[in-house]
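Heads up: the structure comes next, in structure tokens.
The values are calculated or read from the model by the stated rules, or taken from the named source; none is laboratory data. Being a predicted model, the structure only gives us computed values, none of them experimental. Positions of Cβ are backbone-derived with ideal geometry, glycine not excepted, and every protein chain shown enters the neighbour counts.
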């Protein structure tokens, strides 16, 4: 019985398509391991973003140009080729030129429309700052003069010496008067 089983196993192995000592030759399994490594496949060079010509770039909105600059920077960092880096700096140069053009145009607009310029509200020259200070002081004095019959201006100070304090009291006495409220 045991012998029959062994014979059946040998016959099954001989007939199987996997191959055997008696059967047809089968495809040998590929040798793998340290000594039978595969040569690395050469990768295709990565392509950067497609950069349109100068006329098309001039028509792009700033957000698209910024996205193109970011994509080209990533490509230049990965590829590290002179062409990729040169393309990145060409895009940066285009962005600078557009910014410079906008700045020049904004100066022209501010010269033609001085009401749009913030320098009139916030002067930077000494003469203009002196004039602004005089105007603010004049407005403050006029406002106090208009409201002098309705309000009193009182100043308290604890830093005065006894001599200055008596002088201040005499000034206050001279300038005070009774104010009647209208009800």
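What helices (runs of 4 or more DSSP H) completely inside region 1-94 contain at least 3 residues that are modelled with pLDDT under 65 and either exposed (fewer than 10 other Cβ atoms within 10 Å of the Cβ) or out of contact with any strand residue (DSSP E or B) (no Cβ under 8 Å at 6 or more places or on another chain) (or both)?
2-15
So which residues in region 102-124 are more than 28 Å from residue 61 (Cα to Cα) and either assigned to a loop (DSSP other than H, G, I, E, B) or in contact with a strand residue (DSSP E or B) (Cβ under 9 Å, 6 or more places away or on another chain) (or both), if there are any at all?
Within region 102-124, 121, 122, 123, 124 qualify.
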